[in-house]
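The values are calculated or read from the model by the stated rules, or taken from the named source; none is laboratory data. Quick caveat, the model's predicted, so the values are computed rather than measured. Glycine also receives a Cβ, built like all others from the backbone with ideal geometry; neighbour counts cover every protein chain displayed. The area values use the complete protein model at the heavy-atom level, side chains included, leaving out ligands, DNA and RNA. Shrake-Rupley method; radii C 1.70, N 1.55, O 1.52, S 1.80 Å.
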Amino acid sequence: MKEQTAKSVRACPRDEIAAYIDGEISPREELGLEMHFAVCGTCSEELNSQKQLLCALDSFRPAKDEIDLPADFTKVVVAKAESNVSGLRRPRERRMAFFVCTGLFLLFVIGGETQALFGTVGTIAEKIAVAGSFLLHFVYDVTVGVTIILRSLSNQIVFGSVVSFLLIAVVFFVSFLTLSRLITRYKRA
């Protein structure tokens, strides 16, 4: 007898009790469960407790006449919910959403080609850096060369002679006139 009780307890269909109460099982399964309930006291107690729970829940369910919702209840709830949601109304949120969407777009579009793309961009940036470095060295070398030439020429000029004084005065006067015209044009524009 103990073996039969142990087998029935192990084979108790506890998950099917709720389906039995709701009438969601076939008549054959229903008959099998009723036979099991006759033999198994544990399952019959579970069945009775679930029926009592459903009866208690039904007693707490309000009658349909007790709660009257206004006719425009749904519209009022939707309008209230929409007024409380800020969404993407602020410019900062729009910019952030734009950057996030752009990043996701690039991630999905580029996908596996990301490494190749960044490798290409890196190669282009490296070539631009080399060209810029060459240009800066060229300007530096020209400036050093012009400075050396002007320095050697200035040592040759004798500042005590009248000719060198007149030459320096003419260069200064022409530079002053050119600068004053440039300043005048700049102020007009």
In Hz, Karplus ³J(HN,Hα) per residue of region 144-151 (6.51, -1.76, 1.60; θ = phi - 60°; x = Gly, Pro): 5, x, 5, 4, 5, 5, 5, 5
Added length on full extension, which subtracts the Cα-Cα distance from 0.36 nm per residue, residue 55 to residue 152: 23.5 nm
Potential lengthening between residue 172 and residue 96 on full extension [0.36 nm per residue; Cα-Cα distance subtracted]: 21.6 nm
Percent carbon-and-sulfur accessible area, region 118-189, ignoring ligands, DNA and RNA, probe 1.4 Å: 76 percent
Inter-label distance for residue 81 and residue 42, nm, one decimal - labels placed 7 Å from Cα along Cα-to-Cβ: 4.5 nm
Backbone N under 13 Å from the residue 12 label point (7 Å along Cα→Cβ), restricted to region 42-62: 42-50
For residue 26, solvent-accessible area (1.4 Å; no DNA, RNA or ligand), Å²: 50 Å²
Added length on full extension, which subtracts the Cα-Cα distance from 0.36 nm per residue, residue 164 to residue 129: 8.1 nm
